[in-house]
1. Got a number for residues in region 26-68 being part of a helix (DSSP H, G or I), aromatic (Phe, Trp, Tyr) and at pLDDT below 85?
2. Going through region 1-25 one residue at a time, which ones are in a helix (DSSP H, G or I) and aliphatic (A, V, I, L, M)?
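The values are calculated or read from the model by the stated rules, or taken from the named source; none is laboratory data. As the structure is a computational prediction, the values presented were derived from the model and not from experiment.
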Amino acid sequence: MLSEPGASAIDRILTLIEEAEERRAPIERFIDRFSRIYTPVIMVIALLVTLIPPLMFEGGCRSGFIKG
């Protein structure tokens, strides 16, 4: 017993998922764009806070690591 292409439950689920991704709310699209920029920026800032103070000031790596 074979079903028509696209008629199985898995095909219907995949179709629904694709449709849901296309019909995302504007706030979801904004959050995605924002997080693509915000997350790497915060990671770079944390890395700089960790690395720069021990190199420029006394206090050692441990202090910079704790603050970062």
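1. Taking region 26-68 first, the residues part of a helix (DSSP H, G or I) are 26-56, 60-67.
Then drop every residue that is not aromatic (Phe, Trp, Tyr), which leaves 30, 34, 38, 65.
Now drop any that are not at pLDDT below 85, which leaves 65.
Residues that pass the stated criteria total 1.
2. Keep residues of region 1-25 that are in a helix (DSSP H, G or I), which gives 9-22.
Listed by number, the residues that qualify are ALA9, ILE10, ILE13, LEU14, LEU16, ILE17, ALA20.
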